[in-house]
Amino acid sequence: MQSIADIMIRKRESLIKRFLSGERFDFPEQFTQIIDEYITAVFETSLSAKRLMNSGYSFAIMVLGSLGRREQCIHSDIDLLILFEKDFPHEVESFIQELVYPLWDAGFQVGYAVRNINESLDLAFERFDILTTVLDARLICGEPMLYASFLKNFRIMLSSGYM
């Protein structure tokens, strides 16, 4: 039985082969979809994620930058934000290993952060490089109300000239 990462790698290789053969299609959008499917499948099958959620630590997985814009190119890095409402347990590291390590093994450049909403917002308005990636933030899976709360507070801070 193929792992989730093996399926993603097979899909990526097939997509690249189609592209190199001259087939015309929206490569960045389809490549984005492959990565989105991988992240969602890992989240849905992860015992670590289930343990976190069952312990009251709901979280959202957001993608940022080019992946957030659905413009993932073959050598673009993958920027992830694992967002918690307030505190998060050390056990989140087990989930990170399930999610990120197979991507690294497959040759992807992956950057990730585990933060709460306030920390994420503060950093976005302190560092321009983080702010620009947050502008393209997109929810992949997890708790949609956390994502909605993050966006609402982000927009409030942006419109109030917090910078």
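The values are calculated or read from the model by the stated rules, or taken from the named source; none is laboratory data. The shown structure was predicted, so the numbers you read here are calculated from the model rather than taken from an experiment. Note: ideal-geometry Cβ built from the backbone for every residue, glycine included; neighbour counts use all protein chains shown. For accessibility, only protein heavy atoms count, side chains too; no ligands or nucleic acids. Shrake-Rupley method; radii C 1.70, N 1.55, O 1.52, S 1.80 Å.
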message: List the residues, sorted by chain then number, that are 5 or more residues from residue 46 or on another chain and whose placed amide H is less than 5 Å from its amide H.
response: none
- line: Computed over the chain, the distribution of all Cα-Cα distances in 5 Å bins, rounded to whole %, is 1, 9, 17, 21, 19, 15, 10, 5, 3, 1, 0
query: Where in the stretch 105-121 is the amide nitrogen less than 15 Å from a point lying 7 Å along the Cα-to-Cβ axis of residue 93?
result: 114
task: Using the heavy atoms of the protein chains and a 1.4 angstrom probe, tell me the accessible area per residue for the chain in square angstrom.
output: 56
Computed FRET value (nearest 0.05) for residue 159 with residue 10, which takes r as the C-beta separation and R₀ as 45 Å: 0.50
query: In square nanometres, what is one fourth of the surface area of the convex hull spanned by the alpha carbons of the stretch 100-163?
result: 4.9
- line: A student applying the Cα gyration tensor rule (rounded when a/c is under 1.5; otherwise prolate if a/b is larger than b/c, oblate if not) would label the stretch 1-76 oblate
query: lysines within cross-link reach of residue 50: Cα-Cα under 20 Å, excluding same-chain residues under 8 positions apart?
result: 86
query: Over the heavy atoms of residue 57, what accessible area does a 1.4 Å probe trace out, to the nearest 10 Å²?
result: 80
query: Ignoring any ligand, DNA or RNA, what whole percent of the accessible area of the stretch 23-163 comes from carbon and sulfur when the probe is 1.4 angstrom?
result: 50
field: Net lengthening on full extension, residue 110/residue 125 (0.36 nm per residue, minus Cα-Cα)
entry: 3.2 nm
